[in-house]
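The values are calculated or read from the model by the stated rules, or taken from the named source; none is laboratory data. Remember, predicted model here, so these are calculated numbers, not experimental data. Note that each Cβ is placed from the backbone with ideal geometry, even for glycine, and that neighbours are counted across all protein chains shown. Just so you know, the surface numbers come from the protein's heavy atoms only, side chains and all, with ligands and any DNA or RNA stripped out. Shrake-Rupley method; radii C 1.70, N 1.55, O 1.52, S 1.80 Å.
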Amino acid sequence: MSSQPIGVLEAARRYLSQGYCPLPLQAGEKSPRLRGWTSVRLNEADLPANFPSASNIGLILGEPSGWLVDVDLDCDEAVELAGQYLPATGAVTGREGRPASHRWYIAEGATTTKHTDADGAMIVELRSTGCQTVVGPSVHPSGGRYAVLEGEPAVVPAARLTACVQALADAVRGQRHAVEPARTAPAISTPHDDAERRAAAYLNAMPPAIAGSGGHNQTYAAATALVHGFALSPDAALHLLGTRYNPRCEPPWSDRELRHKVDDAASKAHERPRGWLLEAQSEAPPASVDLSGLTSPRVVACDPTPTDPGILPPEALRVPGFVGEVMDHCLATAPYPNPTLAFCGALALQAFLAGRKVRDPADNRTNIYLLGLAHSSAGKDWPRKINARTLQAVGLAGRLGEQLASGEGLQDALHAAPAMLFQTDEIDAMLQSMKRARDVRHESIMATLLTMYSAANSVYPMRRRAGQADPGVIDQPCLVLFGTAIPNHYYGALSERMLTNGLFARMLVLESGPRQAGQEPGISDPPKRVLETAAWWASFRPAPGNLTDTHPQPRT
């Protein structure tokens, strides 16, 4: 909800400035009385006469509002399960008594669909052109106030959003009637011939593509199976990938990426004869799909019970040069010296200073995600203070961040400063929110962290806002994350999804032992040598020219 209450007229002006189409409603009512309201298009001068202080306000959805659509969750089960089935979005509203009951998206070409139970009770509705939804600060007939629509609606392909809404409705029906929902196949259409039907069954049995866990190879393998194994046309293969497979991927691919994989697969010859899966596959859908002939490299089975290597030896935390010098200063001045946390802090500082400036021959960058685990009062804050004072001394304090409020906010921060260091304490609280999937802000953080990590040697396209022609990109973003948490809280916040979607595969997690003996803390101003090195990195430009900050060419 809005942090500061605003009036109806101010809200109407705000909605209009965002490219939405406001609609005047009677006070305390949800339905418009105005004849021909679907054709109403108000401008700034029309607003004062149409929105007196006691009126309600709606938004005309779909094409008039830049394809703003509303997923209306009409029952408690739909609200409860929405985070598991609907795409993450930065715009969620509701009203007193039913919070988070509306999720907002930009979905060009989406059509209105309604999903009801057997008794006709509404479960969920996708509202688009020809519909309107009441928004804050309107008042519901029951007296509850609506939340003002804030935040950025996620831009989602219409076909994917329609499929996800269908899957949510199926899940609600399954929960009510003890029937397993068909979550693995949120189809929006039924394949019309035998080859497409069998190809759809093949896709349903494939595991979803997970970013950072071979997702590119797996999705390409799926495209190859469709165009070569089932002899489908590229358009038919793209349709099946987009409606049957993509909604389960984490994160889902864009339409452009799916088209590229299909076209790439279709342009290359295959060693097997075209249509081999039509000849080999039985009528029954496969229980699982073997991708070993399509993906590379092959997965080698490992020992399910690896031996414990024991505690990390102290010498493994010693890195000569700048990292070691920052670490030594931290240990010398901290009230409770903690070598593990000192190492994490120094490594994070070096990674940030070198961001967008160096790379290895494989084009790997220094965007690392570090997580230091230590019990209460073990000195988790001291390395963060050392880093903050060092960066302040060299003029880079503006590149520091603390809490991750939302995925959209993180994108905006990196758009303004493409290299940033986020130092987050009690990061387990954010992980718990992700685990429960109650707050869409935290869902968008996870998705942004996943994709931002992979975009460090590429470009990250910004989300498209309603009415914005060119959202821009982030060129080679360098996000360094240094999080700390209490071990038992961290382990309690883990979920199977977090451990398999690639987020923790990107993290370096180091757990420190018991709290060290205390000492008299010293003045934490960084020594001259540390400041000189940090200042050198701050001024270092890997290539000449005035575009090195906009489009850097890192030194190998």
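How big is the dipole moment of the chain about its Cα centre under a simple scheme where the beta carbon of each Lys and Arg is +1, that of each Asp and Glu is -1, and everything else is neutral? Debye, nearest 20, please. Intermediate values should be presented prior to the final figure.
On the way: 51 positive and 57 negative charges, 156 e Å.
In debye, rounded to 20, the chain gives about 740.
Report the percentage of all Cα-Cα pairs in the range 1-136 whose separation exceeds 17 Å, rounded to a whole percent.
On the way: 5585 of 9180 pairs.
Roughly 61 percent, once rounded to a whole number.
E96 label point, 7 Å along Cα→Cβ, cut-off 15 Å on backbone N: hits in the range 136-168?
Flagged as within label range: 136-148.
Relative to 2.2 N^0.38 Å, what does the C-alpha radius of gyration of the range 199-276 come to as a ratio? Two decimals please. Intermediate values should be presented prior to the final figure.
Values: Rg = 11.3 Å, N = 78, 2.2 N^0.38 = 11.5 Å.
In units of the globular-protein estimate, the range 199-276 measures up at 0.98.
Could you point to the residue in P542, H177, N338 farthest towards the positive end of the chain's charge dipole, with +1 and -1 charges on the Cβ of Lys/Arg and Asp/Glu respectively?
Of the candidates, P542 comes out farthest on the positive side.
Sorted from largest down, give the three principal axis spans of the alpha carbons of the range 456-556, whole angstrom values.
56, 46, 30
Need the full-extension length gain, L312 to I6, defined as separation in residues times 0.36 nm minus the C-alpha distance. One decimal, nm. Provide the component values of the computation, followed by the final result.
Values: separation 306, 0.36 × 306 = 110.16 nm, distance 5.57 nm.
Full-extension gain reported as 104.6 nm.
Count charges around R127 for me, please; just the other residues with Cβ under 14 Å from its Cβ, Lys/Arg as +1, Asp/Glu as -1. Please list the in-between numbers first.
Details: positive: K30, R103, K114; negative: E63, D70, D72, D74, E125.
Charge balance in the 14 Å sphere: -2.
If amide H atoms are built 1.01 Å from N in the plane of the peptide, which residues on other chains or at least 5 residues away come under 5 Å of the amide H of V358?
Here R555 satisfy the definition.
How far is it, in nm, from the label point at D412 to the one at E520 when both lie 7 Å from their Cα along the line to the Cβ?
Using points 7 Å along Cα→Cβ, the separation is 4.8 nm.
How many Å² of accessible area per residue for the chain, probe 1.4 Å?
On the way: 25970 Å² over 556 residues.
Accessible surface, normalised per residue, equals 47 Å².
Apply the Karplus parameterisation 6.51 cos²θ - 1.76 cosθ + 1.60, with θ equal to phi minus 60°, to every residue of the range 77-92 and state each ³J(HN,Hα) to the nearest whole Hz, in sequence, with x for glycine and proline.
5, 5, 4, 5, 9, 4, x, 8, 10, 8, x, 5, 9, x, 10, 9
What residues qualify as long-range amide H neighbours of V459, i.e. H under 5 Å apart, gap of 5 or more or another chain, H built at 1.01 Å from N?
Counting only residues 5 or more places away or on other chains, the set is Q476.
Once you mark the GluC sites (Glu not before Pro) that are in a DSSP loop and have at most 11 other Cβ atoms within 10 Å, what is the longest gap between them in the chain?
Working: sites that count: E271, E283, E402.
Result for the longest clean stretch: 1-270.
Please turn the phi angles of the range 478-486 into ³J(HN,Hα) values with the Karplus equation 6.51 cos²θ - 1.76 cosθ + 1.60 (θ = phi - 60°), one per residue in order, whole Hz, x for glycine and proline.
Working through the residues one at a time gives 10, 10, 10, 10, 10, x, 10, 7, 7 Hz.
Please give the Cα centre distance for the range 216-246 versus the range 33-87, rounded to the nearest Å.
Cα centroid of the range 216-246 versus Cα centroid of the range 33-87: 37 Å apart.
What distance in nm separates the two pseudo spin-label positions at T550 and R33, each 7 Å out from Cα along the beta-carbon direction?
Taking the simple label geometry, T550 and R33 are separated by 5.6 nm.
Alpha carbons only, please: Rg and Dmax for the range 78-133, in angstrom.
Cα-based Rg and Dmax for the range 78-133 come out at 12.0, 33 Å.
So between D328 and A49, what do we pick up on full extension, going 0.36 nm a residue minus the alpha carbon distance? Walk me through the numbers on the way to the answer.
Values: separation 279, 0.36 × 279 = 100.44 nm, distance 6.80 nm.
Length gained between D328 and A49: 93.6 nm.
Tally up the carbon and sulfur contribution to the accessible surface of the chain as a whole percent, 1.4 Å probe, everything protein left in place. Don't skip to the answer; put the middle values down first.
Values: 13580 of 25970 Å².
Accessible surface attributable to carbon and sulfur in the chain totals 52 percent.
Applying the Karplus parametrisation 6.51 cos²θ - 1.76 cosθ + 1.60 with θ = phi - 60° to the phi angles of the range 62-74, what ³J(HN,Hα) value in whole Hz is obtained for each residue in order, glycine and proline being reported as x?
Computed from phi, the couplings for the range 62-74 are x, 4, x, 10, x, 6, 6, 10, 10, 9, 8, 8, 8 Hz.
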